[in-house]
Amino acid sequence: MTADGEPAVSAGPAAPAMDDATALRLLREGRLEVAGRLVEASNMTLYCTVRLGDLSAACVYKPVRGERPLWDFPDGTLAAREVAAFEVSAVTGWRIVPPTVYRDGPFGPGMCQLWVDADDEVDLIALIRSRHPGLRRMAVFDAVVNNADRKGGHLLPLTDGHIHGVDHGVCFSDEDKLRTVLWQWRGKQLPREAVNVLNRLNRELENGRLGRRLRELLTLSELATTQARVARLLETGVHPNPSEDWPAIPWPPI
Ligand SMILES: Nc1ncnc2c1ncn2[C@@H]1O[C@H](COP(=O)(O)OP(=O)(O)O)[C@@H](O)[C@H]1O
Ligand SMILES: [Mg+2]
C-alpha cells in the first residue's frame, strides 16, 4: 500500500488456484468429511475436506440445521442466501465470493464453500480504511445483495492482493439493511466498470440464468427488490450513502 492507502499495484481479479468450474464440481459431487468446527462462527460452521477422485480441497459447510434463528430473516434460509450471493458474484466476474454450492452433507442440506487461504499478515483495520479497488467492487456488490453484515472478519485478503468476501447469510432481505464497514466511496460516482457490471446484472436478473437461479433460492419479492436495487444504482450512478433509519455499521466491526 502507498501512504494514502492506494494499493501500489491495481489488483484485479487474480488467477485462481483451482478454476471455479472444477471447484464447483468438486464441491457439488465430492465426498464431504467434517474436520472441525470454526469456534468463532455464530452458526454451525464446519471446516471440511471434500474429495472427488484425485481432486480434493478444504471447504466450509454450514448445514441449514445449524443456523441460528434471527428475528429479521426467515428460519432455514441463510444457506440459500449464501449461494445466491455466489451466483450474483459469478455474474459480476469480480470473484468476490469463493465457489459456493447448496448440497446435502453429514448434517443435512446446507451451503458448501471453497476454503480460501487468507493472508493473516494483512492489517484488517488498515485494509478496511484503504481505497483498494477490490473493496470498491465489494461495496457495489454489497449494495446489490443488500448485505447486512460486511464486517472486517468477512474480508479474506489473499497474498496476491485479491480480496474475497464471505458470510453472506444475511443478504437479500427485501427491506434495505446495508450494513458495512466499506463506506469510503459513499455518494461517489460509480466507476464505469461498475456501471457495466450493473447493466449486465440488470439484464441477467430480468431474463437470464441469474434471474432463474435466484427464483429458486430467494422469494419473488427478494428477487424483485434485488432488481430494484440494481436499477436504483444505475439511476443514481453513485455509491449509496449510509441510512439514518438503521445502524449502517456492523457491530462488532471486525
Ligand atoms: N470460504 C472461506 N475460506 C476461508 N475462511 C473462511 C471461509 N468462510 C469463512 N471463513 C472464516 O471463518 C469465519 C467464520 O465464518 P462465517 O462465514 O463468518 O460464519 P458464521 O456465519 O457462523 O458467522 C470467517 O470470519 C472467516 O474467518
Ligand atoms: Mg460471520
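Coordinate-derived values only; no laboratory data. Note that the structure is a prediction, hence the values are computed from the model and not measured. Every residue, glycine among them, receives a Cβ derived from its backbone with ideal geometry; neighbour counts consider all protein chains shown.
Calculated mean residue ellipticity, 222 nm, the chain: -10500 deg cm²/dmol, from DSSP H runs (n ≥ 4) at -39500 (n - 2.57) each, averaged per residue and rounded to 500. Each part reduced to its alpha carbon centroid, the range 200-254 and the range 113-153 end up 17 Å apart. Note: relative contact order over the chain, using C-alpha pairs below 8 Å and six or more positions apart, is 19 percent. Model label points for W183 and R203, set 7 angstrom from Cα along the Cα-to-Cβ axis, are 3.5 nm apart. For the options I96, I163, I128, a Gaussian network treatment of the chain with springs between C-alpha atoms closer than 10 Å singles out I128 as fluctuating the most.
Ranked for footprinting exposure by Cβ neighbours inside 10 Å, fewest first, W94, W246 give W246, W94. One quarter of the surface of the convex hull around the alpha-carbon atoms of the chain equals 13.2 nm², the direction-averaged projected area. Annotation: the antiparallel percentage among DSSP beta bridges lying fully within the range 20-236 is about 95.
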